[in-house]
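Read-outs: derived from the displayed coordinates by stated rules, not from any lab. On a predicted model such as this, the values are computed, not experimentally measured, just so you know. Methodologically, a virtual Cβ is constructed for each residue, glycine included, from the backbone with ideal geometry; neighbour enumeration extends over all protein chains shown.
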Amino acid sequence: MKKHNIEFSLNGEKVALEVEPSDVLLDVLRGRLGIKSPKVGCDRGDCGTCTILMNGKTMRSCLALAVEADGADLVTLEGANSRKWTQKLQKKFHEKNAFQCGFCAPGIILSATELLEKNSKPTAHDIKEAIAGNLCRCTGYEPIVAAIEETVKGK
Amino acid sequence: MDLQKLITKPKKGVKSAKAGETLEVVGKSVLRVDGWEKIKGAAKYTDDLEFGPGLLYAALVESPFAHARIKAIDITKAEKLHGVVKVVTGRNFTQKFGLYMNDRYVFATDTVRFIGEQVAAVVATDPKIALRGAGLVKVEYEELPAVMDAVKALEKDSPLVHPDLKSYTHVPWFFPKPGTNIAHWRKIRKGDLAKGFRDADLVMEDTYTVPRYAHCAIEPHSAIGLYDASGRLTMWTSSQSPFTQRHVFAETLKSFGLSHKDVRVISTYIGGGFGGKAGVTMEIIAAALAIAVPGRPVKLLWSRAQEFYNTYQRLGCTAKIKMGVSKAGKITALDFKLHWDSGAYVEYGANVVNAAGLSASGPYKVDNLSIDSMCTYTNLPPCGAYRGFGYSEFLFGLESHITRMAQELGIDPVEFRRKNAIKEGDTLPYGAHMNPTGIRDAIDRVAKEIKWGVKEKSKDPKKAIGKAQVCFWKSPAMPPNASSSAFLKFNEDGSINILVSGMEIGQGLLTVMAQIASEVLSVPVSKIRVETPDTDRNPYEWQTVGSHVTWGCGNAVKRAALEARERILDLVQRVHCLDKSTLYLEDQHVKCRTKPDFALRFSDFVINGIQADDHTFKGGPIMGSGVFMPEFASAISDPETGQGGHPNVHYTTGSAGIILEVDRETGKMKIKKVALAVDCGKAINPDLVRGQIVGGLLQGFATVLYEDMRYNEKGRLLNPNFSDYKIPTVMDMPDVVVPIIIEVAQPDGPFGARGVGEHTMIPCAPLIANAVEDALGVRIKSMPVTKEKVALAVKAQKKH
């Protein structure tokens, strides 16, 4: 099978590598680039635990082929850790126990970061809408919504 | 000093080592010690660990039949595929294994018993090659008649799932019936059932059914095994039970010369367990594969579909209940028959059946009681532990039935529960006595919270509002000798490392263990690190299941901290000639009541000792160890009556209430408010307890409102993914959740604590069913209580 040479920015650094056409972006991030915050949860876009930002928008990296990332700007939680809204969210997630096992947390924090970077005054519905594609089996979501709401209020 | 006395001081069970003083850390909602790791994406889960370029990957060949004989397996094509390192079948591994009963195979040998069962595995240099190789393995089957239903499995001419049942070894408190599909039959006979029914003014009989459910932890199972050149087996597993796994690996694979000391299990953070990662499921395959490819690490990662059909599932249950009640509202008799669809292998599931059988009276005093809890083999996937461990299933029938009978007699259902609720000292179904309990307080506080007795009307005439309140209880289901242990080590700067093998599965174990040690030793939680298990380094813990680790492991940590404290006080007494009884620990110093100026900082001596007047040093590293075993427990009782043992260590009780809005036409339901009160003895970290309540409730409501495993007539699971097996999203949150913490101390719990993790999901099903009836007058007796069922029931009601 013909291999492809692709280049993209990953958390602010240029990456160039050769991939097979069938390589999934999530597998390349985790298996070849050592990026472990996006997780393998369902392999079909249902659970949101593989969420990353591509060109500023959240996407399911298990549903994208690596070749689709050619030329893109990719940010995972490893890179977003230094962003303003991400940090504010993390502080509130910690205070409100908005995670338990923590497996879904990277994806949810990225979804919430995307929301707040675009709209710093979201309604309760906007908040739910933003994280509706991220499954959490532990918390019952209430503390997650509360943490995002408090981040918005700047409490 | 008698440490046992310090820990289990009755009545004053909440007092710490610092008797008479208030608690400084226990009871406070300190922030989680694993917080930053998890929310910054730094926490490592098993599949995140790196094993270098030599890592091999495995893919499975699975049975397409629910029941078939394996006639031949042809692996030659797969072996020839470039990149395939090894193909393994049941011919290589014929061992059986199991937790409570040895009925499960590493690979199917001559018979497959459910669709998806592992028949062979292909190990390759790349996951894609492994999958391709698995597709090249040719298996020839002869299909056999199969049984998919627990009640049909009892019929005389039913196919037998395990014809060799007689030869299987099991724990002494299981009672299989060879020659049938009954793997275990737990019987309880207490009082005089016939007299109880004669004394009743109302007897009602009905059947309630509960399907199978899936845990749906977001992290799939994963396991990596390495059998190195020196003959030691190291397993990295996503597990709630590293020590139990080590034991099962060592026992199952001992023919390869392994002893327990040669087997090492390392379990890092796990992405949710809910019972699904308890015991051993797919991990045994990874262990066997590691042995098949010595010297190279091999990884087995479950797909989401495998997560559904080849781990444990929650058992299906058909519950036949007959209850007698007097006009005064007293339960006079209960005859409860629980038929459990436990699947093809029940090595763990049979204990769910056992646990439910011991406790199916619910948290009520029932003097005349008969329970038959029957574990039945079927040709569906194996069942095992799931948060609630059988209690959700029997509570659906019991708490539905109680409300119906109370209403029939014109008695308020909440008053009925208050009247029958169990009290401390009451006789339990198996003859032992009930522990202290705050169930009445829980009932009262929930009733107040949902304004029980006040009818509410929806603003929308298309919708009706119903209320319901139920009670629940649950005990840890564990062998009577299940133990916990802990090591505690001081560091140079006075910080502490604690080693336990209780698992952090999201509940906050690491934080709670740090709080317990902090309370005893006056070292802040921020200076205490608690690590996840490695069986080489950390001491023994049976498993993190049954909501027992705060209690069991917490007791061990408290004992370890008390031992370290004793060593500190002994040393200071010896070197400074101060009477030990005048010494106390405060703010990381040893202080003295009779010498106010005396203050010895931990960091000055906990590693390097105290310098005596002659310039020599005394002491050395301060450490402590603690062990906890419930020495009063016993699982041995009369098999025909269940009387005589003390199988359960204690019960956590509580009550929950709901205000539910239901659309009269579509049946669509909205939870306007839910309140749940649970008596956790002592909330060591109240916010973490509230987290268990809020999270457990949503998981429970999902099992009532929409989750449901669907099989076709061939035994194939039709919805092994999150598109077809819906779990809740943020859109499914109840409007208002009110967590209520009740604290009636558990005398043998650390600071009075008892477990709370599972309890919060078990009252959900009868809450919904009873509230639907309150709203619309229709009774749903099979789970899930979907909007479709409600709408159809309303339609049928209108026709009559």
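Compared with the dominant Cα axis of chain A, that is its longest principal axis, helix A:105-118 is turned about 80°.
For region B:136-244, the ratio of Cα radius of gyration to the globular rule of thumb 2.2 N^0.38 Å stands at 1.72. Taking square-rooted eigenvalues a ≥ b ≥ c of the alpha carbon gyration tensor, is region B:582-671 rounded, prolate or oblate, where a/c under 1.5 means rounded and, failing that, a/b exceeding b/c means prolate? The shape class here is oblate.
Can you list which of the chymotrypsin sites (Phe, Trp or Tyr not before Pro) found in region B:538-626 are DSSP loop residues with at most 16 other C-beta atoms within 10 Å? If you can, show how the numbers build up before the last one.
On the way: sites: B:Tyr540, B:Trp542, B:Trp551, B:Tyr584, B:Phe598, B:Phe602, B:Phe605, B:Phe617; in loops: B:Tyr540, B:Trp542, B:Phe598, B:Phe605.
For chymotrypsin sites (Phe, Trp or Tyr not before Pro) across region B:538-626 that sit outside H, G, I, E and B with at most 16 neighbouring Cβ atoms in 10 Å, the list reads B:Phe598.
Any idea what angle helix A:84-95 forms with the longest principal axis of chain A, computed on alpha-carbon atoms, 0 to 90 degrees, nearest 10? For A:84-95 against chain A, the angle is about 60 degrees.
Size descriptors for region A:83-153 (Cα atoms only): Rg and Dmax, in that order, 10.5, 29 Å. So which of A:Lys96/A:Lys121; B:Lys672/B:Lys726; A:Lys84/A:Lys128; A:Lys153/B:Lys451; A:Lys39/B:Lys80; B:Lys96/B:Lys187 end up more than 23 Å apart, counting from Cα to Cα? Beyond 23 Å between Cα atoms: A:Lys153/B:Lys451; A:Lys39/B:Lys80; B:Lys96/B:Lys187.
Sorted fewest first by neighbouring Cβ atoms within 10 angstrom, A:Arg30, B:Arg314, A:Arg137, B:Arg754 come out as A:Arg30, A:Arg137, B:Arg314, B:Arg754. Computed from phi, the 3J(HN,Hα) profile of region B:688-705 under the Karplus parametrisation 6.51, -1.76, 1.60 (θ = phi - 60°) reads 5, 5, 4, x, 5, 5, 5, x, x, 4, 5, 4, x, 4, 4, 5, 8, 8 Hz, with x in place of Gly and Pro. Residues B:Lys591, B:Lys261, B:Lys799, ranked from the fewest to the most other C-beta atoms within 10 Å, line up as B:Lys799, B:Lys261, B:Lys591.
If you restrict to DSSP beta bridges whose two residues both lie in region B:133-277, what percentage is antiparallel, to the nearest 5?
Values: 6 of 10 bridges.
Antiparallel bridges make up about 60 percent of those DSSP assigns within region B:133-277.
Sites count as exposed loop sites when they are GluC sites (Glu not before Pro), lie in a DSSP loop, and have at most 12 other Cβ atoms within 10 angstrom; the longest stretch of chain B without one is B:156-423. Distance from the Cα centroid of region B:682-726 to that of region A:49-65 is 26 Å (rounded to whole angstrom). Bridgeable aspartates and glutamates around B:Lys798 (alpha carbons under 19 Å apart, same-chain partners fewer than 8 residues away excluded): B:Asp663, B:Glu665, B:Glu773, B:Asp774, B:Glu788.
The spacing between region B:579-632 and region A:89-155, judged by their C-alpha centroids, is 45 Å.
Which value does Rg/Rh take for region B:57-151 over its C-alpha atoms, Rh per Kirkwood?
Working: Rg = 14.0 Å, Rh = 13.8 Å.
When Rh is taken as the Kirkwood radius, the ratio is 1.01.
Across every pair of non-identical alpha carbons in the protein assembly as shown, the mean reciprocal distance, once inverted, gives a Kirkwood radius of 29.1 Å.
Give the order of B:His260, B:His67, B:His646, B:His82 when sorted by the count of other beta carbons within 10 angstrom, beginning with the fewest.
On the way: B:His260 14, B:His67 24, B:His646 18, B:His82 9.
Placing the least packed residue first, the sequence is B:His82, B:His260, B:His646, B:His67.
Mind checking the mean number of beta-carbon atoms from other chains within 10 Å of the Cβ atoms in B:499-506? Let's see the in-between values first.
Details: counts 0, 0, 0, 0, 0, 3, 3, 9.
Rounded to a whole number, the mean comes out at 2.
When only Cα pairs below 8 angstrom with a gap of at least 6 residues are kept, region B:691-754 shows a relative contact order of 27 percent. Counting Cβ atoms of other protein chains within 10 Å of each Cβ in A:43-50 and taking the mean gives 4. By the compact-protein rule of thumb, 2.2 N^0.38 Å, the alpha-carbon radius of gyration of region A:1-154 corresponds to a ratio of 1.04. If you bin all the Cα-Cα distances of region B:186-297 at 5 Å, starting from zero, the percentages per bin are 2, 11, 17, 15, 10, 8, 6, 5, 6, 6, 6, 4, 2, 1, 0. Look at the stretch B:689-696: the mean tally of other chain Cβ atoms within 10 Å of its residues' Cβ atoms is 5. In chain B, one over the average inverse separation of all distinct C-alpha pairs is 27.7 Å, which is the Kirkwood hydrodynamic radius. Using the Karplus relation 6.51 cos²θ - 1.76 cosθ + 1.60 with θ = phi - 60°, the per-residue 3J(HN,Hα) values for region B:226-239 come to 9, 9, 8, 5, 7, x, 9, 10, 10, 10, 9, 9, 8, 9 Hz, with x marking Gly and Pro.
Could you estimate the translational diffusion coefficient of region A:4-79 from the Stokes-Einstein equation, with Rh from the Kirkwood formula over C-alpha pairs, at 25 °C and 0.890 mPa s, in whole µm²/s? Numbers along the way, then the final one.
Values: Rh = 12.0 Å.
Using the Kirkwood radius from Cα pairs, D works out to 204 µm²/s.
Each other residue within a Cβ distance under 12 Å of B:Gly667 adds +1 if Lys or Arg and -1 if Asp or Glu, for a net charge of +4.
What is the ratio of the Cα radius of gyration of region B:562-619 to 2.2 N^0.38 Å, with N the residue count, to two decimals?
Working: Rg = 10.6 Å, N = 58, 2.2 N^0.38 = 10.3 Å.
That ratio works out to 1.03.
By average Cβ neighbour count within 10 Å, what is the ranking of B:505-517, A:16-28, A:84-96 from highest down? Could the numbers behind the result be given before it?
Values: B:505-517: 27.5, A:16-28: 17.2, A:84-96: 20.4.
Top to bottom by mean Cβ count within 10 Å: B:505-517, A:84-96, A:16-28.
Among residues other than A:His94 with Cβ under 12 Å from its Cβ, the summed charge is +2 (Lys and Arg +1, Asp and Glu -1). Computed from backbone phi, the HN-Hα couplings of region B:555-565 come to 4, 5, 5, 5, 5, 5, 5, 5, 5, 4, 4 Hz, rounded to whole numbers (Karplus: 6.51 cos²θ - 1.76 cosθ + 1.60, θ = phi - 60°; Gly and Pro given as x).
Legend: translational diffusion of region B:661-755 by Stokes-Einstein, Rh = Kirkwood radius over C-alpha pairs, 4 °C, 1.567 mPa s; D = 81 µm²/s.
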